[in-house]
Structures are given as structure tokens and as C-alpha cells.
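The values are calculated or read from the model by the stated rules, or taken from the named source; none is laboratory data. Quick caveat, the model's predicted, so the values are computed rather than measured. Note that each Cβ is placed from the backbone with ideal geometry, even for glycine, and that neighbours are counted across all protein chains shown.
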Amino acid sequence: MNFKEPTTDKATLEEGVAFMPRFDASGMITTVVTDASDGALLMVAHMNAEALSLTIETGIAHFWSRSRGKLWKKGESSGNLQHVSEIRTDCDQDVVWLKVTVAGHDATCHTGRRSCFYRIVEARNGEVTLVDDGSKAHFDPAKVYGGDAQH
């Protein structure tokens, strides 16, 4: 799938009907993923043009894994595939938002939790710490991924 080249014309970019994703200098576009039913923030990842094309064509979320340096079909190992119900972009088309339904254990994070955002940043007495929000794992990452529990 070939995407149109982004324009410098603000009106066309912000009000037009052409999808012109603005990939960064590394060829990536930030992607926010939320649950289609309740809006919970599940993860933030990056897509290259191939991952975005595959996501649009198949209806299953694909990303570019920067840590592994390869295309990544989310949930392929765990069975927690992300079925895309809607794709949106922001006003200047440099972010993509996926609304998804998660198959399998309804868990998105490689830690087994539903969301990758399971810790709260708190500042007390000049010290910044992370506090667990109480989210429990929906599956055992060691059993699903073995020794390779990367995201």
C-alpha cells in the first residue's frame, strides 16, 4: 500500500480527506492503542509504512519492534491478537490511534497485564517513585514466551 506524500499545505493536511501519514526521520509513526469497548490505554508503539499497511489490510495490529529491529504482529506469540475496529490520525497526521479488541487472555503487555501502563509515577518528599496500580497478570509470560519475554 502506498501512502500519499505529506503536504506542507496545512489546510489539506488538517482538513482534507487524503490519508498522508507523516513518518519521522527514522520512518516511524507513533501509535496509541486503546480498548475499543472501554477506551483503556493499552500501549504505545511505533509503525513503519509496512506495519501500517498490514494493519489496514488485515485488520490485525502490526508494529515495528525497535528493540528487535523487525516487523511485529502483536499477539502472534501470546495469542493476544489485536483486532482493529477503528484507525484514527491526529490533526497533522503524525500519530495513529488504533481502537482494538484483544483476543486470547485480553492482555496486551508482555508482562501478562492488560495494559502496559500499570505503574503510577508519584513524587513525595523530593523523591519520584513508581507505584503498582494493582493490575494482575492475565497469563504467565515465562510460559508464553519462555526466556524471551520482550515487548
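Structure data summary
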read-out	value
Residues that are touching a residue at least 24 places away in the same chain (Cβ under 8 Å), touching a Leu at 6+ places or on another chain (Cβ under 8 Å) and farther than 16 Å from residue 82 by Cα, drawn from the range 104-151	117
When residues of the range 31-43 are limited to those that are outside any loop (DSSP other than H, G, I, E, B) and surrounded by 15 or more Cβ atoms within 10 Å (Cβ to Cβ), the one farthest from the chain's Cα centre (by Cα)	35
Residue tally, condition surrounded by 10 or more Cβ atoms within 10 Å (Cβ to Cβ) and modelled with pLDDT of 90 or more, over the range 9-25	9
Wholly within the range 83-151, strands (runs of 3 or more DSSP E) carrying at least 3 residues that are over 22 Å from residue 35 (Cβ atoms)	119-124, 127-132
Checking residue 62 against (1) surrounded by fewer than 14 Cβ atoms within 10 Å (Cβ to Cβ); (2) free of Cβ contacts under 8 Å to residues at least 24 places away in the same chain, the condition it does not meet	(1)
Of the criteria (1) surrounded by fewer than 14 Cβ atoms within 10 Å (Cβ to Cβ); (2) over 25 Å from residue 9 (Cα atoms); (3) modelled with pLDDT under 95, which one residue 92 fails	(2)
Tabulated pairs, the range 81-103, first on the phi < 0 side of the Ramachandran plot, second polar (S, T, N, Q) and not in a strand (DSSP E or B), C-beta under 8 angstrom, 6+ apart or interchain	82/108; 84/55; 87/55; 98/55; 101/37; 102/80; 102/108; 103/80
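For (1) surrounded by 15 or more Cβ atoms within 10 Å (Cβ to Cβ); (2) modelled with pLDDT under 95; (3) of a type outside the set (S, T, N, Q); (4) within 30 Å of residue 4 (Cβ to Cβ), each residue gets a yes or a no:
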{"residue": "68", "(1), (2), (3), (4)": "no, yes, yes, yes"}
{"residue": "74", "(1), (2), (3), (4)": "yes, yes, yes, yes"}
{"residue": "82", "(1), (2), (3), (4)": "yes, no, no, yes"}
{"residue": "141", "(1), (2), (3), (4)": "yes, yes, yes, no"}
